[in-house]
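One structure is given here, and the rest of the page talks about it.
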Amino acid sequence: MRRLPPVLIDDGCSRELLSLIRTILAACKEISFRVGQGALSGVLGSTLDENIQGETQKKLDVLSNQLLKDILLESGYVKAIASEEEDYTVAGNPDAEYIVAFDPLDGSSNTDINSLVGTIFSIMKAPHGSDPADQTIFMQPGHQQVAAGYVLYGPCTTLALTIGKGTRIFTLDKTHGSFMLTEEFAKIPEDTKEFAINASNQRHWQPAMQNYVNDLLAGDTGPRGKNFNMRWIAAMVGDVHRVLCRGGLFTYPADTKDPNKPFKLRLLYEANPMAMLVEQAGGIAHTGEQRILDIDPQEIHQRVPVILGSKNEVEACLGYHK
């Protein structure tokens, strides 16, 4: 097994980008420790505040966001950051080359039941000569990401990372604090019998998704001719990790439950980095209408529908939408 730095340098990753990734991972190691302490550290439960999304913040949401925010801004490697927990972007070093968008603790509602949570991050280059206080520097389609990844805090702490040359999986060796390469190139199987969706919203889905899921549930007696298993972790980071490890389809489609919020997942710091990881592992990431990585963002907290995973199954799902 190899540690993180040599692997990326071998791929032509710049030392500045490598240093930025290592800075993010330093914060993630601390988050991993705090999550692992659970009730012992007094950080479980909710605060009395809501974030810009209208969601009640968990104590670990606030803690994780502050850890990432502080270490990134102090590092000097970022021109600006955008976070799920920040109303607006936050300016950093005017001379820095990169901007970072992140979800500090995806699935934070799982912390109180000791289930999977994680940190998702996206790295892009800042436009040359841009103002770090200008939010429009983040308005770049996902295919312009130079790196993307997530850190999953589970029984072990796992990093999935891409710099555009495949998706690699690392495991945190807690004996000496290094992320060790444990899978050279993740490859998502093209076919699958697993799907992940929040079935409680079924009555609110559009007809295309209703028909698709109904056919999956019909099993080997239905038009698909095979039995499917449904998995749902309620944390995108956990469901996508399963897809990277053994295939499957993950979707959070449009619904009509709240007309003001027809979509759940955020483009910049959830859909884009996950789409890059999945595509680099041979999968597909789509909205039902277009490739996720081709979307031109309009604002930092923009939401989009997501369908991603095993190539043939995503294409089967998209066939219903056509």
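Given the structure, is Pro262 in a loop (DSSP other than H, G, I, E, B) and at pLDDT 95 or above?
Considered against the rule, which asks whether it is in a loop (DSSP other than H, G, I, E, B) and at pLDDT 95 or above, Pro262 comes out as no.
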Would you mind stating whether Pro104 is on the phi < 0 side of the Ramachandran plot and either in a strand (DSSP E or B) or modelled with pLDDT under 95 (or both)? yes
Can you name the condition, by its number, that Ala275 falls short on among (1) surrounded by fewer than 18 Cβ atoms within 10 Å (Cβ to Cβ); (2) under 15 Å from the mean Cα position of the chain (by Cα)? (1)
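Here are Tyr153, Tyr212: which of them is more than 19 Å from Asp106 (Cβ to Cβ), touching a residue at least 60 places away in the same chain (Cβ under 8 Å) and of a type in the set (Phe, Trp, Tyr)?
Exactly one of Tyr153, Tyr212 is more than 19 Å from Asp106 (Cβ to Cβ), touching a residue at least 60 places away in the same chain (Cβ under 8 Å) and of a type in the set (Phe, Trp, Tyr), namely Tyr212.
May I ask you to verify whether Asp103 is touching a residue at least 60 places away in the same chain (Cβ under 8 Å) and of a type in the set (Asp, Glu)?
yes
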I need a count of the residues in region 236-250 that are outside any helix (DSSP H, G or I) and surrounded by fewer than 24 Cβ atoms within 10 Å (Cβ to Cβ). 1
Inspect all residues belonging to region 165-176 and state whether any of them is surrounded by fewer than 24 Cβ atoms within 10 Å (Cβ to Cβ), modelled with pLDDT of 95 or more, closer than 13 Å to Arg22 by Cα and among the hydrophobic types (A, V, I, L, M, F, W, C). yes
In contact with a His (Cβ under 7 Å, 6 or more places away or on another chain), more than 15 Å from Ala235 (Cα to Cα) and of a type in the set (A, V, I, L, M): which single residue out of Val278, Val314 fits that description? Val314
So Glu270 ticks every box in (1) of a type in the set (Asp, Glu); (2) in contact (Cβ under 8 Å) with a residue 24 or more places away in the chain; (3) not in a helix (DSSP H, G or I) but one. Which box is left unticked? (3)
Lys264 being buried (at least 18 other Cβ atoms within 10 Å of the Cβ), touching a Lys or Arg at 6+ places or on another chain (Cβ under 9 Å) and of a type outside the set (A, V, I, L, M): yes
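The values are calculated or read from the model by the stated rules, or taken from the named source; none is laboratory data. Because the structure is predicted, anything quoted here is derived from the model rather than measured. Don't worry about glycine lacking a Cβ; one is built from the backbone with ideal geometry, like all the others, and counts go over all protein chains shown.
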